[in-house]
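Taken together, the values in this text are just the output of simple stated rules run on the coordinates, not laboratory data. Model, not experiment: these values are computed from the prediction. With ideal geometry, Cβ positions are generated from the backbone for all residues, glycine too; neighbour counts draw on all protein chains shown.
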Amino acid sequence: MFKWFKKKDKKKDEIFDKEELIEEKDEAETQEVEDDEIDENINVESTVNELEEGKEEVEDKAPKKISLFEKLMGGLTKTRKDISSKIDNILKSYKKVDEELFDDLEEVLVTADVGVNTTMTLIDNLRERVKEEKVSEPKEVKELLKDEIKKLMTEENMDYKLNIEPSPAIILVVGVNGVGKTTTIGKLAYRLKREGKKVLIAAGDTFRAAAIEQLEEWGNRAGVDVISHSEGADPAAVIFDGIQAAKARKVDVLICDTAGRLHNKSNLMNELNKIFRITEREFNEATKEVLLVLDATTGQNAMNQAKVFNEVANITGIALTKLDGTAKGGVIIALQSELKIPVKLVGVGEGIEDLQPFIVEDFVKAIID
Ligand SMILES: Nc1nc2c(ncn2[C@@H]2O[C@H](COP(=O)(O)OP(=O)(O)OP(=O)(O)O)[C@@H](O)[C@H]2O)c(=O)[nH]1
Ligand SMILES: [Mg+2]
């Protein structure tokens with residue numbers, strides 16, 4: 001049976017990852033949500049094959065439409081500029097491969113939010129490779145580094161597909177406020193619908209009326225119904241109704257929004273606990289995905305959030321948003337290799353098309369060219 005919780009006996013009063021989360025709350029509260037006009041189609045689950053098909057279609061109908069990979073490249077421009085140009089400069093400035101060169105590379109990776117532990121592992125592995133393969137030319141180090149990043153990110157053999165088969169399935173979308181949960185739900189609902197699935201959304205963030213309206217607006221765009229109660233209602237009751245409706249309407253995927261304003265661990269546990277219990281009791285037959293949404297612009301702070309949520313719940317996947325606005329995309333490497341949670345989706349913009357499946361190979365190509 002699916003286990004929602006990892007550790008039920010965690011200290012309840014422990015402060016949820018400190019001021020950063022509260023800071024984020026403040027930031028998000030001052031943020032006006034402006035959703036882009038959406039008029040294009042999405043097929044996020046496309047893998048290489050679909051990409052190829054997509055390309056042909058695009059050439060026929062809309063020459064300006066860009067491929068998912070190009071979009072990823074575009075979204076990761078800041079990260080790539082930061083990492084690639086620094087690496088190139090370092091490699092150019094050395095005549096041989098020595099310890100100082102490794103130190104300099106280490107610094108680049110740490111400042112790109114790859115994280116200290118992950119960077120150290122990467123550089124150690126790289127040092128070994130250089131020794132084994134007797135590499136003496138600095139410029140050859142770049143390909144080895146790319147290869148080591150790929151290896152580190154794939155060593156766990158993680159499943160990058162959303163757990164939504166067989167139907168019915170329920171996706172609980174969790175994360176602190178402002179990270180992009182509602183937006184990601186809108187994009188995801190649209191994509192799943194386009195794949196031929198019957199989708200329903202439950203507006204489990206009842207904290208403020210605007211949150212419900214925002215989700216309903218996304219539901220309209222996606223052509224997906226939204227089950228909601230009024231502001232201040234019990235989120236678990238909304239999820240309960242969502243489940244009943246999903247069963248009655250024979251829905252394939254029920255996607256549930258949740259509130260992000262939970263800044264201590266005991267709060268978070270109580271809220272999620274209720275939702276998990278309802279789901280277990282009312283929808284035990286459903287395939288479950290607990291999708292943690294993280295904001296890439298917060299860099300290592302996203303790592304801290306992932307650690308806290310992962311202690312409280314059995315997170316089965318991560319959606320990393322806002323990769324387009326940041327040079328901190330390197331945080332994906334740390335999320336995957338240190339926490340062993342697969343990044344399943346990446347957000348590269350505010351539009352409905354700007355959510356993609358995460359493909360390690362493409363990601364590495366997009367950050368180091
Ligand atoms: N550039 C960019 N912006 C994004 C992306 N994903 C979400 N956003 C923006 O981030 C802001 C917050 O997104 P929401 O979806 O409202 O976040 P939330 O987690 O639901 O927030 P709360 O409901 O307050 O907890 C919005 O302005 C979104 O348009 C992304 O991939 N790229
Ligand atoms: Mg929201």
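Some notes on this structure:
- Calculated FRET efficiency for the pair T111/E137, C-beta based, R₀ 30 Å, to 0.05: 0.75
- Computed E for E280/M120 - FRET, C-beta separation, R0 35 angstrom, nearest 0.05: 0.30
- You can think of it this way: the chain between K247 and D104 has 45.8 nm of extra reach, that is 0.36 nm per residue less the Cα-Cα gap.
- The Cα-based radius of gyration and maximum Cα-Cα distance (Dmax) for segment 169-301 are 13.8, 43 Å.
- Applying the criteria of a DSSP loop state and at most 16 other Cβ atoms within 10 Å to the GluC sites (Glu not before Pro) of segment 285-324 yields E285.
- Pairs with C-alpha atoms separated by more than 25 Å, drawn from the list K181/K340; K151/K181; K139/K340; K150/K181; K92/K322, are K151/K181; K139/K340; K150/K181; K92/K322.
- Segment E128-K146, length gained on full extension (0.36 nm per residue, minus Cα span): 5.0 nm
- Sparse packing (at most 11 other Cβ atoms within 10 Å of the Cβ) combined with a DSSP loop state is found for the following GluC sites (Glu not before Pro) in segment 76-146: E133.
- Backbone HN-Hα couplings from phi across segment 332-349 [Karplus 6.51/-1.76/1.60, Hz, Gly and Pro as x]: 4, 4, 5, 4, 6, 7, 8, 8, 6, 10, x, 7, 9, 9, 10, x, 10, x
- Loop-resident GluC sites (Glu not before Pro) (DSSP state other than H, G, I, E or B) in segment 213-262 with no more than 16 further Cβ atoms inside 10 Å of their Cβ: E231.
- Modelled spin-label separation between K197 and L339, with each label point placed 7 Å from Cα along the Cα-to-Cβ direction: 2.1 nm.
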